[in-house]
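Student: Sending over a structure as structure tokens; questions will come in a sec.
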Amino acid sequence: MKLTNQQLTIITETLVLNGVVYDDIKLELIDHIASEIEAETSNNAKPFEIILKEVFEKWKLQLRPASHNLWLGSGFSAPKIILDKLANDKKRELFAGAIIICLFTVAILSINNKLQSPLVLLGIVFFIKTVSLVGALLMLSGKLFLLKSKIKSTYLFRFNKSFYLILFYGVLIGIGLFPILPSSKNIEIKAISLIVTLTYLFLIYVNLKLFYKHFQFEKKLLISNS
């Protein structure tokens, strides 16, 4: 039996009471829970309220408060299903980032050792600084745009959580206050400086991707509600 709008509202309110405040997770759970309730109502004549309680009992472990200090920092608590999603997303990004950063580091250092050309090296550094500054400006534009957003998503949460730190270092790299080259007299890229710089470039990319995902989700939500 198809659930009514009032029954769907009750499911939504119950999820919010259990700490599910992010709309992307909430919509996904509403779909799963509503499907389970509809299947149960088709098989027996129990009242909606009883079936609702039984179904939420099955989700009890996923909705219990938890924390992931290693991946999400201390002091952050949310339902287990939200924390698992956030932690798994971060693990995948860190794994992909480590591979990409290593490949770019090896490639740039190899070019440096093979060509031994100050012009090529300075060109690489100029490109990195430009990308960093443009990325920081795009992040700032995204932040201003998101101030108008009334939608809460895990993408927005992660974007806001690391925004200021990544923006700060992105600007430092872009304007040259974070030295990729030790000095203008000693034209040589240090591996550690390069790795740190590429790490922040990757984090800028991740944050811009989070902004785009939130924008797409908000657009999809507005279309479905219209």
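The values are calculated or read from the model by the stated rules, or taken from the named source; none is laboratory data. Everything quoted here is computed from the prediction, not taken from an experiment. Methodologically, a virtual Cβ is constructed for each residue, glycine included, from the backbone with ideal geometry; neighbour enumeration extends over all protein chains shown.
Student: If L156 passes every condition in (1) in contact with a helix residue (DSSP H, G or I) (Cβ under 9 Å, 6 or more places away or on another chain); (2) of a type in the set (A, V, I, L, M); (3) over 30 Å from E28 (Cα atoms); (4) touching a residue at least 12 places away in the same chain (Cβ under 8 Å) but one, which one does it miss?
Tutor: The failed condition is (3).
Student: Looking at L29, L86, L72, L15, which one is closer than 18 Å to S153 by Cβ and touching a residue at least 60 places away in the same chain (Cβ under 8 Å)?
Tutor: Just a single option satisfies the conditions, and that option is L86.
Student: Based on what the data block shows, is L3 surrounded by 14 or more Cβ atoms within 10 Å (Cβ to Cβ) and part of a helix (DSSP H, G or I)?
Tutor: It is false that L3 is surrounded by 14 or more Cβ atoms within 10 Å (Cβ to Cβ) and part of a helix (DSSP H, G or I).
Student: On to the next question. With the requirement that a residue be within 17 Å of Q6 (Cα to Cα) and of a type outside the set (V, I, T), what does segment 33-52 give you?
Tutor: A34, S35, E36, E38, P47, F48, E49, L52
Student: From I50, I25, which residue is hydrophobic (A, V, I, L, M, F, W, C), surrounded by fewer than 17 Cβ atoms within 10 Å (Cβ to Cβ) and not assigned by TED's automatic domain parsing to the domain that holds R158?
Tutor: Answer to the check: I50.
Student: Return yes when E40 is at pLDDT below 90, of a type outside the set (V, I, T) and part of a helix (DSSP H, G or I) and no when it is not.
Tutor: Considered against the rule, which asks whether it is at pLDDT below 90, of a type outside the set (V, I, T) and part of a helix (DSSP H, G or I), E40 comes out as yes.
Student: Select from segment 102-122 the residues that are loosely packed, with under 14 Cβ neighbours inside 10 Å and at pLDDT 85 or above and write down the one among them that is farthest from V196 (Cα to Cα).
Tutor: Looking at the filtered set, the residue picked out is S110.
Student: Please specify each residue of segment 6-22 satisfying the condition of being of a type in the set (A, V, I, L, M), crowded, with 17+ Cβ neighbours inside 10 Å and under 16 Å from K80 (Cβ atoms).
Tutor: L15, V20, listed by residue number.
Student: So, one more: So is A34 closer than 23 Å to I151 by Cβ, modelled with pLDDT of 90 or more and in a helix (DSSP H, G or I) or not?
Tutor: yes
Student: I've got another one for you. Could you tell me how many of the residues in segment 143-178 are more than 26 Å from D84 (Cα to Cα) and not β-branched (V, I, T)?
Tutor: Residues that pass the stated criteria total 13.
Student: Scan F157, F145 and give me the residue that is crowded, with 18+ Cβ neighbours inside 10 Å, farther than 22 Å from V196 by Cβ and either of a type in the set (F, W, Y) or touching a strand residue (DSSP E or B) at 6+ places or on another chain (Cβ under 7 Å) (or both).
Tutor: Of the residues listed, the single one that is crowded, with 18+ Cβ neighbours inside 10 Å, farther than 22 Å from V196 by Cβ and either of a type in the set (F, W, Y) or touching a strand residue (DSSP E or B) at 6+ places or on another chain (Cβ under 7 Å) (or both) is F157.
Student: Report yes if V55 is modelled with pLDDT of 90 or more, of a type in the set (A, V, I, L, M) and either assigned by TED's automatic domain parsing to the domain that holds I151 or closer than 27 Å to K220 by Cα (or both), otherwise no.
Tutor: Judged against the criteria, V55 is not a match.
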